[in-house]
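The values are calculated or read from the model by the stated rules, or taken from the named source; none is laboratory data. Just so it is clear, the structure is predicted and the values come from calculations on it, not from any experiment. Positions of Cβ are generated from backbone atoms using ideal geometry, with glycine treated the same way; all protein chains shown enter the neighbour counts. Note: accessible area is taken over every heavy atom of the protein model, side chains too, but ligands, DNA and RNA are not part of it. Shrake-Rupley method; radii C 1.70, N 1.55, O 1.52, S 1.80 Å.
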Amino acid sequence: MSSPPESALDLLDLDALLSEEERQIRSVVRRLVDDRVRPHIAEWYESGRAPIRELAVEFGKLGLLGMHLTGYGCAGASAVAYGLACLELEAGDSGLRSLVSVQGSLAMYAIWRYGSEEQKRSWLPTMATGETIGCFGLTEPDHGSDPASMATRARRDGTDWVLTGTKMWITNAPLADLAVVWARTDDGVRGFVVPLDSAGVTAREIGHKMSLRASSTGELVLDGVRLPAAAQLPAATGLKAPLSCLTEARFGIVWGALGAARDCLRVALDYAVNRTQFGRPIAGFQLTQAKLADMAVELQKGYLLALHLGRLADTGALRPDQVSVGKLNNVREALAIARQCRTILGANGISGEYPVLRHASNLETVLTYEGTSEIHQLVIGQRLTGIAAFN
């Protein structure tokens, strides 16, 4: 039997809600993923190595790095266009979307939003082209969901700053050129642009990962790193600054997780139509159709949620708690879809020849980074009740 067209997954004709420009951007990114990523991603994942720097330059040529930012070589695309790009990238692999998210929505956004004009001119143009790779140093070995308790310190020494501490689970760190590092000072939390060739900086690759294996993840050790006063992000005062960067990255995840789910469902649907058991395609059995129907419905609902949040973002009306709704729902449902698709493929579901278990394994990480599901539940709970339950 022939495979069902991908349009079969668009039960509600949601494509009609996009502009022609948004569809064109989506098509360009999808083509890049099909041509450059799909032929190699299983091998990259299995080996735990992907050509990150090479991919960053290719992404930069398409304007994907910091694409929702304006000026300094950035594309100035809409939030919805950025979301669609994240969806298509994560349909290839979550690690690729992580590369783009960390570069654009964390490192570049922090400099773009809170940096000095000199910092913006110095770093953003080459970050937009992928020539310079950035990372975002907030999480610590003992402080993940509670960044207010960070132990990394920055102290004044004359006009300089001296940073000491450790950051953990930092995407891109082992190959990055700079890090936006958040540290506690006598005046509260502050951000710093740290060139990673500075004396006292050590970046170590975290090995033996069972998830996000096509992404580079590391530990940053800052041992008395001396920086000039100009390294501080002047407009970043307090913990709200790094949290606003996380909101930017979480928005991309709201869309990206749908890409992983769509890829799983596309593969499972094709497999079910062409796999024959008991004399008929397994897609003809009621239990299989029930699974496919439920997953397709959740995928469409998640897409509507992402699109609504994107339209809010493009009008400047999007709130952080609304992004928490999107991240909580879409990643949770995407992971459920990936797991269910694995059952449709049976034993073949664990084979690297199919992307389903790879997506499921990646989504286990996406479920917990940029805020665990529990943290997002508490953000939503605070919005509902007016009571903060974090402590």
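Details
- Restricting the stretch 115-131 to residues that are open to solvent by 20 Å² or more (accessible area, probe 1.4 Å) and in contact with a helix residue (DSSP H, G or I) (Cβ under 8 Å, 6 or more places away or on another chain), the residue that is nearest to ALA235 (Cα to Cα) is SER116.
- Filtered residue count, the stretch 184-239, keeping only those that are assigned to a loop (DSSP other than H, G, I, E, B), touching a residue at least 60 places away in the same chain (Cβ under 8 Å) and loosely packed, with under 13 Cβ neighbours inside 10 Å: 4
- Among the residues of the stretch 14-66, those identified as among the hydrophobic types (A, V, I, L, M, F, W, C), open to solvent by 40 Å² or more (accessible area, probe 1.4 Å) and either without any contact (Cβ under 8 Å) to a residue 40 or more places away in the chain or not in a helix (DSSP H, G or I) (or both) are ALA16, VAL28, LEU62.
- For the stretch 153-180, residues that are within 28 Å of SER98 (Cα to Cα), open to solvent by 50 Å² or more (accessible area, probe 1.4 Å) and in a strand (DSSP E or B) total 3.
- Conditions (1) in contact with a helix residue (DSSP H, G or I) (Cβ under 7 Å, 6 or more places away or on another chain); (2) part of a helix (DSSP H, G or I); (3) open to solvent by 20 Å² or more (accessible area, probe 1.4 Å): number failed by LEU309: (3)
- Members of the stretch 109-134 that are touching a Leu at 6+ places or on another chain (Cβ under 9 Å) and of a type in the set (Lys, Arg): ARG113
- Residues that are in a helix (DSSP H, G or I) and over 11 Å from ASP263 (Cα atoms), drawn from the stretch 340-356: GLN340, ARG342, THR343, ILE344, LEU345, GLY346, ALA347, ASN348, GLY349, ILE350
- Flag for GLY279 being at positive phi, touching a Gly at 6+ places or on another chain (Cβ under 9 Å) and surrounded by fewer than 19 Cβ atoms within 10 Å (Cβ to Cβ): no
- Entirely in the stretch 69-152, the helices (runs of 4 or more DSSP H) that have 1 or more residues that are polar (S, T, N, Q), touching a residue at least 24 places away in the same chain (Cβ under 8 Å) and within 18 Å of ALA249 (Cα to Cα): 94-100
- Just one residue in the set VAL297, VAL323 is surrounded by 20 or more Cβ atoms within 10 Å (Cβ to Cβ), in a helix (DSSP H, G or I) and in contact (Cβ under 8 Å) with a residue 24 or more places away in the chain; that residue is VAL323.
- Where a residue in the stretch 348-370 is without any contact (Cβ under 8 Å) to a residue 24 or more places away in the chain and its partner, wherever it lies, is among the charged types (D, E, K, R), with Cβ under 8 Å and at least six apart: GLY349/ARG342; ILE350/ARG342; LEU357/ARG342
- Unmet criterion (only one of (1) out of contact with any helix residue (DSSP H, G or I) (no Cβ under 8 Å at 6 or more places or on another chain); (2) open to solvent by less than 10 Å² (accessible area, probe 1.4 Å)) for ALA110: (1)
- Condition met for ARG342 (within 30 Å of GLN277 (Cα to Cα), modelled with pLDDT of 95 or more, open to solvent by less than 40 Å² (accessible area, probe 1.4 Å) and charged (D, E, K, R)): no
- Subset tally (residues that are closer than 10 Å to LEU328 by Cβ and not aliphatic (A, V, I, L, M)) for the stretch 358-390: 6
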